[in-house]
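Accompanying notes for the structure given below.
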Amino acid sequence: MDLLNTLVDKGLRRELPTREEALAVLATSDDELLDVVSAAGKVRRQWFGRRVKLNYLVNLKSGLCPEDCSYCSQRLGSTAGILKYTWLKPDEASQAAAAGVAGGAKRVCLVASGRGPTDRDVDRVSQTIEAIKDQNEGVEVCACLGLLSAGQADKLRTAGADAYNHNLNTSEGTYGEITTTHTYADRVDTVQQAQAAGLSACSGLIAGMGETDDDLVDVVYALRDLDPDSVPVNFLIPFEGTPLAKEWNLTPQRCLRILAMVRFVCPDVEVRIAGGREVHLRSMQPLALHLANSIFLGDYLTSEGQAGKTDLDMIADAGFEVEGTDTVTLPEHRADALAAAGCGSHGDGGGGCGPCGSSEPAEPAEPAEQSAVPEQSASSDASESSEARTDLVAVRRRGAGTDLAPNA
């Protein structure tokens with residue numbers, strides 16, 4: 001396809017596709033799907049080879065959130081039967097993190113429900129970060145605590161945090177339909193605060209909430225403008241007891257198209273398959289590794305994920321390799337830019353601040369002659385509905401906040 005040749009050439013040059021090209025990816029047919037995966041895979045391999053970065057979630061405080069985010073099982077008014085507990089002690093969180101690191105995780109993501117942390121909460125998380133770093137050499141730590149107040153990002157950075165996650169989730173135009181207790185601008189501001197403090201920014205989206213193709217492209221282009229180092233792509237887990245429980249809008253094919261579009265728009269960024277991959281990609285998960293270079297290992301915040309060993313077997317069987325702590329993630333040009341912005345852990349060649357590049361990537365191939373992109377009709381894929389697979393939505397009952405061993 002002329003479209004895909006054009007997008008590969010642009011991806012190898014780190015050139016932004018047009019909105020029309022991004023929309024055209026989402027509008028491709030099932031007959032073209034493997035061609036789309038192959039094309040986006042060329043861009044993924046150019047900047048990240050065949051490495052897969054493993055991340056591990058530790059839910060420091062579960063449920064009891066005053067915000068009304070419609071997608072979230074921890075939201076105000078949720079009747080989902082999830083675990084609810086207040087802050088884990090630093091040693092408890094460190095013990096949970098160690099299980100993920102032992103399973104191969106390079107980054108530990110510390111998450112807490114709520115609108116945003118108090119200064120006391122930041123002090124508590126800072127102690128947890130220090131405990132994890134003391135016990136796990138080379139591990140990266142990303143904090144995800146909600147909206148930040150002035151100075152809090154600097155405190156987290158001083159404590160040893162490498163990155164901060166705060167997702168945009170959906171387009172600015174539809175944000176008010178998903179959440180009313182804070183704004184899209186609040187989220188953008190928090191990402192920018194993290195970047196200003198020298199933290200590696202992690203910000204992504206949630207697909208499957210009833211959004212249009214235009215909404216998906218809007219949020220991915222907004223992320224490109226924010227320039228985070230990693231972009232997690234979540235697929236809505238429709239928890240019973242939440243307002244979006246009946247939103248089963250995704251098919252495995254739709255998920256692959258979305259991941260391919262994100263890769264083309266963000267060619268040299270760590271693209272992570274996050275929540276919902278087991279629910280919506282299902283047996284197509286190995287194909288998604290050709291598009292994304294990062295996944296979560298084991299369970300999520302309030303739901304169970306695929307068995308950790310199954311994740312590792314899937315990576316090996318698909319011909320990929322787990323990225324070690326002695327290998328930096330991002331391509332050299334992004335790693336250098338992050339270091340210049342004040343993220344100081346890059347010089348030792350270790351895991352460092354968020355994702356960084358391990359070695360100089362091969363020179364991009366000479367771009368082929370540009371082809372005109374054919375006109376595409378609006379995606380019929382948006383009207384697809386995926387059969388509700390509530391059997392795949394299991395509430396997490398192990399790991400952090402329980403007496404049972406974690407899944408890692």
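Please tell me if Lys61 is in a helix (DSSP H, G or I), of a type in the set (Lys, Arg) and touching a residue at least 12 places away in the same chain (Cβ under 8 Å). No; evaluated as a whole, the condition is false for this residue.
When the residues of region 162-185 are narrowed to those that are under 19 Å from the mean Cα position of the chain (by Cα) and of a type in the set (Asp, Glu), which ends up surrounded by the fewest Cβ atoms within 10 Å (Cβ to Cβ)? Ranking the candidates gives Glu172 first.
Name the residue, out of Val25, Val43, Val52, that is in contact (Cβ under 8 Å) with a residue 40 or more places away in the chain, in a strand (DSSP E or B) and not charged (D, E, K, R). So the residue among Val25, Val43, Val52 that is in contact (Cβ under 8 Å) with a residue 40 or more places away in the chain, in a strand (DSSP E or B) and not charged (D, E, K, R) is Val52.
Here the condition is being buried (at least 22 other Cβ atoms within 10 Å of the Cβ) and either over 30 Å from Thr86 (Cα atoms) or of a type in the set (Asp, Glu) (or both); of Asp218, Asp299, Asp214, Asp225, it holds for Asp299 alone. Inside region 313-340, residues that are touching a residue at least 40 places away in the same chain (Cβ under 8 Å) and surrounded by fewer than 17 Cβ atoms within 10 Å (Cβ to Cβ) make up a count of 5. For region 108-154, filtered to residues that are in a loop (DSSP other than H, G, I, E, B) and within 13 Å of Ser94 (Cα to Cα), the residue that is nearest to the chain's Cα centre (by Cα) is Val139.
Please find, among Leu23, Leu83, Leu7, Leu3, the residue that is closer than 20 Å to Gly276 by Cα, crowded, with 17+ Cβ neighbours inside 10 Å and either in contact with an Asp or Glu (Cβ under 9 Å, 6 or more places away or on another chain) or modelled with pLDDT under 95 (or both). Just one listed residue meets the conditions, Leu83. The set of residues from region 69-93 being touching a helix residue (DSSP H, G or I) at 6+ places or on another chain (Cβ under 9 Å) and under 19 Å from Glu247 (Cα atoms) comprises Cys69, Ser70, Tyr71. Looking at region 74-95 only, could you name the residues that are among the polar types (S, T, N, Q) and out of contact with any Gly (no Cβ under 7 Å at 6 or more places or on another chain)? Answer for region 74-95, where residues must be among the polar types (S, T, N, Q) and out of contact with any Gly (no Cβ under 7 Å at 6 or more places or on another chain): Thr86, Ser94, Gln95.
The values are calculated or read from the model by the stated rules, or taken from the named source; none is laboratory data. Quick caveat, the model's predicted, so the values are computed rather than measured. Glycine gets a Cβ as well: all are built from the backbone with ideal geometry, and neighbour counts include every protein chain shown.
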